[in-house]
Amino acid sequence: MDPLHIGILISIVTILVLSSGIPVAFGLGLVSVGFLVAFEGIDSMKILAETFFAGIAEFSLVSIPMFIVMGAAVASSPAGKDLYEALDRWLHRVPGGMIISNIGACSIFAALSGSSPATCAAIGKMGIPEMRQRGYPDGLASGAIAAGGTLGILIPPSITMIVYGIATETSIGRLFIAGLLPGLMLTALFMAWSLFAAHRGGYNFRDAAAGFSLAQKLEVLPRVLPFLAIIAGVLFVLYGGVATPSEAAGVGALLCLVLVAIIYRIWQPERIWRIISDSMRESVMILMIIAASALFAYMMSYLFVTQSVAQSITEMEVNRWVLLAIINLFLLVAGFFLPPVAVILMTAPILLPIIEQAGFDPYWFAVVMTINMEIGLITPPVGLNLYVINGIAPEIRLTTILRGALPFMLCMVVGIVLLCLFPEIATWLPVTLMGAAL
């Protein structure tokens, strides 16, 4: 059978298997083993264990569980509540300060936790009822939180960027820097749309009605600033070349555990163990997906599917921007059905040579790819953030949340267009801080 036809068959079977609800790692492993045995015989089983282990035998992967511990420590504490209150108290006189506070809290908490669902749950539990009480429409209130939660996979430190760096053998520190300005740009676009939508809906911004004294504004800062200092410190040591991502993640995780113990008095052994066990569960899940994706990538390469697809795309006589549009559409559809980590591991090694041959910067493409994955987080049928919001605010219908999130998806599309028109948004800061990539 022709490799391209094999690739189409693999795609169909993979979608069907993953649609059954089987865990992603086991689904990818099952498809990989099945096609290797079907086309190469039982002897192909000899290399499965070695290939599976090689997928996670990478020192830089140590940073993933460490960043997850860092996020779990923050998510298990009232840090999200304090962050939300601090922004609300300082921005209450700004027109639309409530929704700006919520999106700002989402962006910061997402950077701290690295988890979109955790961000939606932590900020949404406080922000959605408060916005509804002050008259914001249900769709806008829920959609803003759902979209704000996606910022965690773009604003550093980002697990998704780490996975992309490992999959493509690019600098994780440079990827973190590349995602910073685009992350802030998306945050600004979300805020701008929210204010416009609220104005258009006739909301008159009564946020300034409840005033806060200077003492009340300063009261919450000692509980918030240490966590912000950790983010700044992790980014500084990475950007300055002081430490590797694994070293920075390890120190960040330790400091977060110490801070939640000191500030929130979370030092009971059972609560600390809950943080560690939750982190271990999520880390194993991600590492299993990485290992299974390595096996899947080996199967695709062994059957010459990867090479054939790359060659076919390369031979397409189209403008490079048309090529990029096709790739973006493909990533968008993939993000509808698969989690970001799986999509990146399965597609980035194939797409990167094509992107570089077309003259695009690999770090810039990482940002574009990540924004595509953000859209998938608030898009059915997977759209995890939509279901998290529906779980914490069941009185808001899922269709209302989806309609509220749709304009934020368009904001992300606008962000991708801006990155295409002005790639320096993603490339200027890495070049300025770290020099040109080799």
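Only the coordinates and a few stated rules stand behind these numbers; no lab work does. Computed from a predicted structure; not experimentally measured. Heads up, the Cβs are rebuilt from the backbone with ideal geometry, glycines too, and the neighbour counts pull from every protein chain shown.
Structure values in brief
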quantity	calculated
Virtual spin-label span in nm between Cys420 and Leu214, 7 Å along Cα→Cβ	5.1 nm
Note, ³J(HN,Hα) from phi for the stretch 252-267, Karplus 6.51, -1.76, 1.60, rounded to Hz, x at Gly and Pro	x, 5, 4, 5, 5, 4, 5, 5, 5, 6, 7, 6, 10, 6, 9, 10
Structure-based [θ]222 nm, the chain - -39500 (n - 2.57) summed over DSSP H runs of at least 4, per residue, nearest 500	-25500 deg cm²/dmol
Counted charge near Phe67, where neighbours are those whose Cβ lies closer than 13 Å (Asp, Glu -1; Lys, Arg +1)	-2
Interatomic Cα distance distribution for the chain, bins of 10 angstrom, percent	4, 21, 30, 27, 13, 4, 1, 0
Most positive-pole-ward Cα, Ile378, Leu429, Val305, against dipole of the chain from beta carbon charges	Ile378
Options Ser293, Ala73, Pro362, ranked by Cα towards positive dipole end of the chain, top entry (Cβ charges)	Ala73
In sequence order, calculated HN-Hα J values of the stretch 326-336 (Karplus, 6.51, -1.76, 1.60; Hz; x Gly/Pro)	5, 5, 4, 5, 4, 5, 4, 5, 4, x, 5
Per-residue ³J(HN,Hα) for the stretch 397-406, Karplus 6.51 cos²θ - 1.76 cosθ + 1.60, θ = phi - 60°, Hz, x for Gly and Pro	5, 4, 5, 5, 5, 5, 5, x, 7, 4
Cβ charges +1 (Lys, Arg) and -1 (Asp, Glu), total dipole of the chain, debye	1460 debye
Filtered trypsin sites (Lys or Arg not before Pro), the stretch 43-98: DSSP coil and at most 12 other beta carbons within 10 Å	Arg93
Partners for Lys81 among aspartates and glutamates (Cα-Cα distance below 19 Å; same-chain residues under 8 apart left out)	Glu130, Asp207, Glu219
Cβ-defined net charge surrounding Ser142, 10 Å radius [Lys, Arg +1; Asp, Glu -1]	+2
